[in-house]
Structure formats: structure tokens, C-alpha cells
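See structure below.
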Number of protein chains: 2
Amino acid sequence: MTQKATRIAALKAMLGDDLVLAGEDIARYCRDWHGDVISDALAVLRPRTTEDVSACVRATNSLGVSLVPQGGNTGLVLGGIPDEPAHQVIISLERMNRIRMLDTDDFSAVVEAGAVLGSFKDKVEEAGLFFPLALGAQGSCQIGGNVSTNAGGINVLRYGMTRELVLGLEVVLPDGSIFDGLSTLRKDNRGIDLKQLFIGAEGTLGIVTAVAVKLMPKPSQVATALLGLKSLEDAIALYRRARHDCCDLMSAFEFMPPLAFTLAREAMPDLAMPLSGENPAYVLMEISGSGLVDIDDLMQRFLEGALNDGLVIDGVIASSNSHARNLWLFREGMNEGQAKRGPHLRTDVSVPLSKLPAFVRDAETAVMASLPDCLCVSYGHIGDGNVHLNVLPPSHLPRAEKDQRIYLAKNIINEVVDAFGGSISAEHGIGRLKRPDFEARLPDVQRQLLTAIKTAIDPNSDMNRGCQLNFASTIP
Amino acid sequence: MTQKATRIAALKAMLGDDLVLAGEDIARYCRDWHGDVISDALAVLRPRTTEDVSACVRATNSLGVSLVPQGGNTGLVLGGIPDEPAHQVIISLERMNRIRMLDTDDFSAVVEAGAVLGSFKDKVEEAGLFFPLALGAQGSCQIGGNVSTNAGGINVLRYGMTRELVLGLEVVLPDGSIFDGLSTLRKDNRGIDLKQLFIGAEGTLGIVTAVAVKLMPKPSQVATALLGLKSLEDAIALYRRARHDCCDLMSAFEFMPPLAFTLAREAMPDLAMPLSGENPAYVLMEISGSGLVDIDDLMQRFLEGALNDGLVIDGVIASSNSHARNLWLFREGMNEGQAKRGPHLRTDVSVPLSKLPAFVRDAETAVMASLPDCLCVSYGHIGDGNVHLNVLPPSHLPRAEKDQRIYLAKNIINEVVDAFGGSISAEHGIGRLKRPDFEARLPDVQRQLLTAIKTAIDPNSDMNRGCQLNFASTIP
């Protein structure tokens, strides 16, 4: 037998056939969300319980192979895709998708890592509450992956990143032991908060198997508006005004260029224009709440003030849920439209809020100066200072030339991010894709701390080797 | 010279006279907030800059003595008080109190660790914004201590613990190197979030020297109400209703027993009764907001509904700021009133919100069964499941007998906390006071993780030795 066949046989002997998938069946676990990367793995392990996960860790440890934890495989930075497939086994949490507890009186739930975010949100809403994490991939992404990547999304400005929604974690550690921290306590100040280490670690310190989360009152009223503005500077000013006027009830504030309409209609040609597409900047804004505050009235009065002051020059307030859904389609359809134009650079950067307009201007100018045949599309989560500044090469170019422009554009943008004191990964994480750029920017003190922690918890670098930092240079 | 005098001389030689305080002048740094413990130290170091802190760490390392970081010294668990004074040096951050940056456009600030919380809040409000951390000790406590203890307080249910307000940290590590993580980015998902380790670590992993924090819109409207209820169960039901009706605009929801009025008036005899003191339970509730929502109207309509449904049976809404202040005096005066009755047990526990009434009933019953001559006073932050269940021995008892009852009551309450899956420290931390009870409850996996991290970052246990866990058993 080959080494691969021997290892698969050993895994099946230790774990049973049911948990071990190998051969052609594993292809869907080995390619990334966009289909940019097709990899492989020794096998895919599919545990049904936390004890199964522990057994999987002990089994792979005994064979000296590394584990790559995978959630819904919707990540954008290759955090769950093997880069040394001959020595890596994927562990998929997809079979662990139960809601273990949902207590509406306590505003909390405990859910297994493999639960699909959208399904969990639905179950919570059926119970009369709300889980606010919301992202494009919610129909496929899984809670464990959301925690491991500290997922962001469109509601961060109101409810925070995933980290702020987590009350407790259950994690299988690199030696197979189980960290049981599934408390739903709102306040628990018993020293160092160990669970924080695993949030955003992308599986490099252990495998998240279950999560205790905060739930919120369900917003029974939602007001949505799409607004035309004179500039991105005005969008920032409008955001500031909205923070003050809308009393922490704003749940989304996204900005888009006029090109958004073109791109969205390339993907969805039937989409009717909701307002003139000729303003220099657009904001999609949502206010929401439960209970006694009149949210529609609040939106009306806020916009009246902003119109009177000239901050908003055109706008439409959704008159129904389906109308609101339609407005969101322009924001979401942009991505599809860009995808239709072929390979392009997707960035996910953040800068201090007050510097956002200057950053977008400088970064777009720098890209256009070096790559005048490319198209810049900047949009994102303004309240978080988070910009997705994408660069589209001309569609007629051969693939290799497109890839070269994408590579150059990424480096140009990252340099501008550095100059603004920004982050090269606002919400997507590091994974394997951004590891070189992350490592190149990592101060020595941070690198030493990360290495010390990784060595303390995962001394053999068995957990998601190759992700975030290149801790181990030798593969058995 | 004695060993002590030699060490002080060595510190002065290395750091200069200005940074080193010794002799009688250090008494105020060596006793705890309540005056329960009077300790000592080799010296007190008072750095003026981050580089000074680094020099202090290197100097004490070279002498083989341990550092005890201290903020405003308002902690309640002896986290900043030496327990091996012959081998420990206090480092006070009080001279590092500058606001390094305050950007109202960015809703952020960078402030040094020694800044007094109340002064910082004032400066932020002068600039038109709001820093929501609010606790009784805010006139003395310092931001660095707030971060190191992950301080809670009365606004947690709206704005979170200190952890949720921190955007970035600067920390001097146990080897004297400087961790520079003072970013004000709202979203930054570059892998493991190292700063989380230092929040709540009570100085055991390094010394927080500066903090980047989120600022909020200033609540221009505040509505405060003191309400009489039939039971603690009804207080929980009212809280749930308020979460739904008040749309995330509730900023405080405290419960108190009728005894609160007696205790507060023992401390402040001139305090006029704001309503009948004969209801079984009281809630002090605050709704606040900036901008366009009519907060008074919201409070009115919320209370009308709660009165109609019989959840509230008596109540008063503050008619002015000074009236509101007066209502808060009952909540705050309780502590002073208890202090006047002499030594007593102060607890700080949390349980899942839905179990809070059952917990208070069971814990008070258990205490009264064993200690029938004591008085139980339960109050706290209901929305956080956080109860301060205090036990007052009869005032005529000799000190030793009071102390014995306090010790017994603590153990009785902690056993009930365990049975409810609660925490023995909801917001005060572990320090040295709660270390034995913390260690006795620590699962092996957590202990191993904590030890691995401490060993990785502070291998000689130089930082706040004796606090949280007894990592090192040998003192040089």
C-alpha cells in the first residue's frame, strides 16, 4: 500500500468507517468558496460528537499528520483548505449541528459548531428572539467557522463582531482534551478569559465544537433607505449624524459607488433602478428595533434633517419588506456582478473611520496610476471603517495578465493601508492566502507572543499547520 | 545594609530617585480600598512614561523581585496589594495619566493607564461624546486597572464590560519589551487577538500602560425611574419586557430589597423616601439616548404597560437630574450603610439570568439556616445575572466571631453558586482574596492552559506573583 492508503486504513481502523471519508467523495471539501484553489487531503473526518472530535485529534496525532478544521467552507482566505494535502486531514464539523439549548428567558443559546448560521438564525427567530450575526454566506457558513474567524458582516456597527456575541466555548485542544467553557453567564470575571484565544484563531489552537451565544430581542420594525450623496466625505458626516440622531438603533450603514447599480444589473438584469444612479456616492442604511419606538418615524425625521442640511440629495425609503429586500439586492448583487466580470482582486481592509475617504481616494489613485486599464470598486461597512476596495482587470486580458494585475494591485493597496495605520484584514482573517502579507508586517514582539502561545498550546503545530503563521517548517 | 535597603539602593541607582518611593511614604499604596488589609512593599515605582515602565521591569528582573502593578487601588480582591512584601515592588501607573488622542470624528481615544476614570469621562463629555464605563469607584479608579480587571459597573447591560470598550492596548511585557497594539481600528481580524489576554489578567502577564477605547454618542436624554414590585421574579419579567419594549436603549436595571432604604438612610439620614418602602422588591431603571427618540415618552409608555399588567405596583419617575441623582443615592448609599454596620461579607456572583430569583432564594435560605443571626442583603445588576449577596453579622459580636460568620457565609453561598452553574466572581476579579476559591474550582484543562500561557509569557512568574493562580511556589 502507498503511505496514503496506509494512513487512511489506520484512520478507519481507529475511528470506524463512518467517520472517515476518502477518495473522490472529498473533492467538495478541498476547493475554496470561489473555486480559485483546488487542493486535496489525506481524508475528511466527519465527527458526530465532541468525543468523536477528541478521538479524531488523538488518531491524527498518533499518525503524525496535521488537522485542518473546516466549517461551511465559505472562508475567503483559504483557512480551511490544505496546503500540504499529503500530510493533512480535513476535519469537518458539519454533522455536529444541534442546538443544545435555547433559553428565551435567558436570552442565550448553546449551538454546535456545525450548525449553519442561517438555519440557527431561523430557529432563534421562531422562538421570538434574534441572533444578529448576518453575512452574505449565512446560508452555508457554520457557527464554528464564524467563531474561529471572528466573522463580521453587516450588523457589526450595532451588535459587534462574532467575539462580542460569544458567551462560552467548547474546544477540543491539540492533545485531544476538551476545554469545557460553555457557560451562558453574562458576566464572569474569573481571571484570564481563555475562550478569547480561540476566537479568530482559525483553528490553529484547537477545534471549536460548540458555542454559547447571546440572543437579542427580535427587531419587529425595520426601516431601510437607499440614499444618494455628493461624496464619500458626506457619507462619513451622515454616519456621524446618524450615530447621534438614531440613538444606537442603526443596524446597517453601507456605502457603495454609483457603479454598484451597473454591476448589480449585470448579474440581475431585471432589477429596477430605485433612484437616479448619477450621484457620486450611495448609502444603504437600516434602523431597527423592537417594541415601543416608532422606527419608521425615526427614519423619516432623521432623513428630513439630513435633506435639509444638504447631506442627502436623493433617497428612497423602503415601503415594504420586499421593497427593502430589493434595495439590499443592489448591495449584494455587486459581488455577483463583479464575479461575472472574471477574476479580480477582492480586498478587505480597515482604516480609522475619520480617514476612510482619504484612504479610498489615495488607494484608488495609486492603483489607477500603475494600472490605468483596471477598474476600482470601493464599498463596504462605513461605520466600521471597513472597505472592500476591489480591482477588476479588463475582461479581455489573458488569465496570466489578469493575475499579475491582481497581484500588483494588492501590493499597491496594502502599502496605502500601511500608510494609514490600517489593517489588511478587517473581517476575513488571515488563513493561508494572507499569511505572507501578515507575516511581513508582524512586529517582533507580536511574533514572539504568538509563537510562545502556539508553542505552549500546540507544541507540534498539529492544528491547521500553515494557517496564520508558519510556525513549523518541517512536515513529518 | 539590610537586604531591603540594598535592594532599594539598587533600584534608585538603576532608575533614579524620582521613580522610586520607599519608607513611610508608601503606606497608602499598601493597604486595600476597604482598609481590611494593611501590607507593605520593598518600594513603590512611579514611572512617567512607557519607557520608564520598561526600565522598571528590567530593573526588578535584575534584582529577582516581583512586580505588583497598581492602578487607583480601588480593587476589592487584593489584586494590587503585595502578599510577600519583602520580595515585591509595587508599580503605580498614577503618573501616566495623559489623554494621548481624542478623535470625536473617529469615536475613539487613546488614554494612559493611570488616568482616573471619572476625569477621563469628564474630558470625553466636554468633547461632546461619552465613555460609558461607570462604577462607584470612578472618582479614584484608573483606566489601566479597569482594563486589567475587566471592570463592569452599572452600564454593562447596554455597553458591555470594559473588554467590549477596548480597541487597543499598549503593554510592557515581563521581559521589559513593549507590546504596541494601540490601534483604534473598529474591525481588525488579523489572527489571534493578543490584547484579549491582558484584559482581566490583573497584571499577571504584563503591565497595561495605555488603552485605545471606543467612545459613544453622549446620551442627551436620560429617564430614571424607581419602581416597587411584588417579587424578584417580577423584576426578571420586567427586565425581559424592558429589553423588548425599550429597543436597546436601557442603560441600567438594578434591583434592591426594601432594606436598601433603611441602609441608605443610616448613611444619609436626610435622604427623603421617594416612594413607599414596603414593596418586596425594587428596581432602579434608566433609559437613555441621544438624538431624535423621545426618551421620557418611551419611559412613560413602557411603565404604563407594566403598571397595567401588574408587573409594577408603585413607582416614581425622576422629574429632574437632581431628582434622578437622589434616586441613585439609595442604590449607592446601601454600600455606605452596610459599611457603617461593620465588617460583613461582600459577594459578587453571577448566575444565568433565568435562575436569578431561585438562586437568591436558595442562597439566602442556606445562609439563614446556618447563620440565623445574620442579615442577608441581595442587590445588583439584574440584566447581567449579577448579584451582590452580602451577609451582615450582628453588630454586637466580637470581631473574631464576625469574621468566622463571614467565612462560613462565603462558603455556603459559593456552594449554591456552584449548584447553579454560576461564577464566584462576576465583575471583581480573582486577585489574592479569591484565589483559593478560584483554584479549588478550576478544571484541570483550564489550569493546564493557564499554566502554559503564564509560563510562555512570564516564565519566572515576575508579574503580580500570587495573584489569580499560585504559579510559582518559590520566592527568591
Selection within region B:353-371 - touching a residue at least 12 places away in the same chain (Cβ under 8 Å), of a type in the set (S, T, N, Q) and over 29 Å from A:Met216 (Cα atoms): B:Ser370
Boolean, A:Thr365 is in a loop (DSSP other than H, G, I, E, B), under 20 Å from A:Lys410 (Cα atoms) and not aromatic (Phe, Trp, Tyr): no
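Residue-by-condition table, conditions (1) under 30 Å from B:Leu303 (Cα atoms); (2) assigned by TED's automatic domain parsing to the domain that holds A:Glu233; (3) modelled with pLDDT of 95 or more:
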site	(1), (2), (3)
A:Tyr282	no, yes, yes
A:Glu286	yes, yes, yes
A:Ser290	yes, yes, no
A:Asp297	yes, yes, yes
A:Asp314	no, yes, yes
A:Ala318	no, yes, yes
A:Ala324	no, yes, yes
A:Asn335	no, yes, no
A:Pro357	no, no, yes
Verdict on A:Ile453 being within 30 Å of B:Val445 (Cβ to Cβ) and crowded, with 20+ Cβ neighbours inside 10 Å: yes
Matching residues, region B:350-381, being hydrophobic (A, V, I, L, M, F, W, C), surrounded by 24 or more Cβ atoms within 10 Å (Cβ to Cβ) and closer than 25 Å to B:Tyr159 by Cα: B:Val351, B:Leu356
Elements of type strands (runs of 3 or more DSSP E) contained in region B:6-110, each with 2 or more residues being surrounded by fewer than 19 Cβ atoms within 10 Å (Cβ to Cβ) and not hydrophobic (A, V, I, L, M, F, W, C): B:99-103
Selected residue (criterion: farthest from A:Asn470 (Cα to Cα)) from residues of region A:397-431 that are in contact with a Lys or Arg (Cβ under 7 Å, 6 or more places away or on another chain) and aliphatic (A, V, I, L, M): A:Ala426
Residue in region B:407-419 that is part of a loop (DSSP other than H, G, I, E, B) and farther than 28 Å from B:Asn73 by Cβ present: no
Residue in region B:169-179 that is out of contact with any helix residue (DSSP H, G or I) (no Cβ under 8 Å at 6 or more places or on another chain) and not charged (D, E, K, R) present: no
Scan of region B:364-391 for residues that are in contact with a Cys (Cβ under 8 Å, 6 or more places away or on another chain) and closer than 20 Å to B:Tyr282 by Cα, ordered by number: B:Glu364, B:Leu389, B:Asn390, B:Val391
Odd one out for A:Val171 among (1) under 27 Å from B:Phe471 (Cβ atoms); (2) among the aliphatic types (A, V, I, L, M); (3) surrounded by fewer than 20 Cβ atoms within 10 Å (Cβ to Cβ): (3)
Which listed residue is more than 23 Å from the chain's Cα centre (by Cα), in contact (Cβ under 8 Å) with a residue 24 or more places away in the chain and within 14 Å of chain A (Cβ to nearest Cβ), from B:Ile192, B:Ile295, B:Ile199, B:Ile287: B:Ile295
Number of the condition not met by A:Leu76 [criteria: (1) out of contact with any strand residue (DSSP E or B) (no Cβ under 7 Å at 6 or more places or on another chain); (2) at positive phi; (3) within 14 Å of chain B (Cβ to nearest Cβ)]: (2)
Yes/no for B:Leu469 being within 12 Å of chain A (Cβ to nearest Cβ), on the phi < 0 side of the Ramachandran plot and of a type in the set (A, V, I, L, M): yes
Residues satisfying the stated conditions in region B:97-116, i.e. among the acidic types (Asp, Glu) and under 22 Å from the mean Cα position of the chain (by Cα): B:Glu112
Positions within region B:112-168 being crowded, with 19+ Cβ neighbours inside 10 Å and hydroxyl-bearing (Ser, Thr, Tyr), in sequence order: B:Ser148, B:Thr149, B:Tyr159, B:Thr162
Unmet criterion (only one of (1) assigned to a helix (DSSP H, G or I); (2) surrounded by fewer than 20 Cβ atoms within 10 Å (Cβ to Cβ)) for A:Leu397: (1)
Any hit, region A:317-338, residues being within 14 Å of chain B (Cβ to nearest Cβ) and either in contact (Cβ under 8 Å) with a residue 12 or more places away in the chain or closer than 30 Å to B:Lys214 by Cα (or both): no
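So that you can scan it fast, the table gives a plain yes or no per residue for (1) more than 10 Å from chain B (Cβ to nearest Cβ); (2) closer than 24 Å to A:Asp106 by Cα:
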| residue | (1), (2) |
| --- | --- |
| A:Thr162 | no, yes |
| A:Asp180 | no, yes |
| A:Ser183 | no, yes |
| A:Val208 | yes, yes |
| A:Val213 | yes, yes |
| A:Ser220 | no, yes |
| A:Leu226 | yes, no |
Test: residue in region B:301-308 that is under 15 Å from B:Pro258 (Cα atoms) and in the same structural domain as B:Leu249 (by TED's automatic domain parsing): no
Any hit, region B:380-394, residues being of a type outside the set (Gly, Ala, Ser), at the interface with chain A (Cβ under 10 Å from one of its Cβ atoms) and over 14 Å from A:Asn189 (Cα atoms): yes
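The values are calculated or read from the model by the stated rules, or taken from the named source; none is laboratory data. If you're wondering where the values come from, they're calculated on a predicted model, not measured in any experiment. When we count neighbours, we look across all protein chains shown, and the Cβ atoms used for this are built from the backbone with ideal geometry, even at glycine.
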